[in-house]
1. Are there any strands (runs of 3 or more DSSP E) wholly within region 103-167 with 2 or more residues that are over 21 Å from residue 182 (Cα atoms), and if so which?
2. For region 174-190, enumerate the residues that are among the basic types (Lys, Arg) and either without any contact (Cβ under 8 Å) to a residue 12 or more places away in the chain or loosely packed, with under 12 Cβ neighbours inside 10 Å (or both).
3. Under the condition of being aliphatic (A, V, I, L, M) and in a loop (DSSP other than H, G, I, E, B), which residue from region 41-86 is farthest from the chain's Cα centre (by Cα)?
4. Of (1) under 18 Å from residue 140 (Cβ atoms); (2) buried (at least 17 other Cβ atoms within 10 Å of the Cβ); (3) touching a His at 6+ places or on another chain (Cβ under 8 Å), residue 94 satisfies all except one. Which?
5. Identify, by number, the condition in (1) surrounded by fewer than 17 Cβ atoms within 10 Å (Cβ to Cβ); (2) in contact with a helix residue (DSSP H, G or I) (Cβ under 6 Å, 6 or more places away or on another chain) that residue 89 doesn't meet.
6. Test residue 156 against the criterion of being surrounded by 21 or more Cβ atoms within 10 Å (Cβ to Cβ) and out of contact with any helix residue (DSSP H, G or I) (no Cβ under 6 Å at 6 or more places or on another chain), and give yes or no.
7. Yes or no: region 134-142 includes at least one residue that is surrounded by fewer than 16 Cβ atoms within 10 Å (Cβ to Cβ) and either assigned by TED's automatic domain parsing to the domain that holds residue 14 or on the phi > 0 side of the Ramachandran plot (or both).
8. Could you check region 6-42 and list, in sequence order, the residues that are surrounded by 16 or more Cβ atoms within 10 Å (Cβ to Cβ) and acidic (Asp, Glu)?
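The values are calculated or read from the model by the stated rules, or taken from the named source; none is laboratory data. Everything quoted here is computed from the prediction, not taken from an experiment. Cβ coordinates were reconstructed from backbone atoms using ideal geometry, including for glycine residues, and neighbour counts include every protein chain displayed.
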Amino acid sequence: MKKSKIFGFDIDGTVTDPATFVPYLNKHFKKNITLEDITEYDLTQVLGVTSEQFWKWLSEHEGHIYSKANLAVHAKNALYTWKDSHKIVYISARGDHLYDLTEQWFQSKQVPYDQITLIGSHDKINAVKDQQLDIFFEDKHDNACDIAEECEIPVLLFDTPYNRLSVPRNVIRVQNWKEATHWVNQWLKHE
């Protein structure tokens, strides 16, 4: 059966719980922050560390953190709603060296996918164009805006404290996966 639309999804903070990193950050950097304290994507300010310190820590711990990540609430239900009718493609800034670990996570959590692409960069525009996506789901503000404007597709931006700047018309801010599912179902009716 031909799948009618190609859905693109970011993984971290979108399909996974946006607070995934918080307990690891608190433990390692001896902080007591919550997701609400993270008001920008760059974590160095809230942690009081240099960029070099942060990226060294991340490279040492990212595999473990990603392998233990919890799904965002209702994400799996939404993905199963769409998996038979639409192609499900994940495009993540994770490095390709994490592909096996990422695929194992999808299998262990029984999250549907047709394709997983790890590009090692936050610039997802070329990957979105290459995959000819019809819609994208993201948590990073500038990614959502750039993809919506450059690729001229709707982008659902999952609301978090770190992405609350204004958005262009094609970026739809949603509070959760239930709201995203409702918006997508309405959009599909009009396509």
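1. Hits in region 103-167: 115-118.
2. Initially, region 174-190 is screened for residues among the basic types (Lys, Arg), giving 178, 189.
Correct list: 189 only.
3. 49
4. Here residue 94 meets the rest and fails (3).
5. Against the list (1) surrounded by fewer than 17 Cβ atoms within 10 Å (Cβ to Cβ); (2) in contact with a helix residue (DSSP H, G or I) (Cβ under 6 Å, 6 or more places away or on another chain), residue 89 comes up short only on (1).
6. Spelling it out, it is not the case that residue 156 is surrounded by 21 or more Cβ atoms within 10 Å (Cβ to Cβ) and out of contact with any helix residue (DSSP H, G or I) (no Cβ under 6 Å at 6 or more places or on another chain).
7. Going through region 134-142, the residues surrounded by fewer than 16 Cβ atoms within 10 Å (Cβ to Cβ) turn out to be 142.
Imposing the further condition that a residue be either assigned by TED's automatic domain parsing to the domain that holds residue 14 or on the phi > 0 side of the Ramachandran plot (or both) reduces the set to 142.
Yes - at least one qualifying residue is present in region 134-142.
8. Within region 6-42, 10, 12, 17 qualify.
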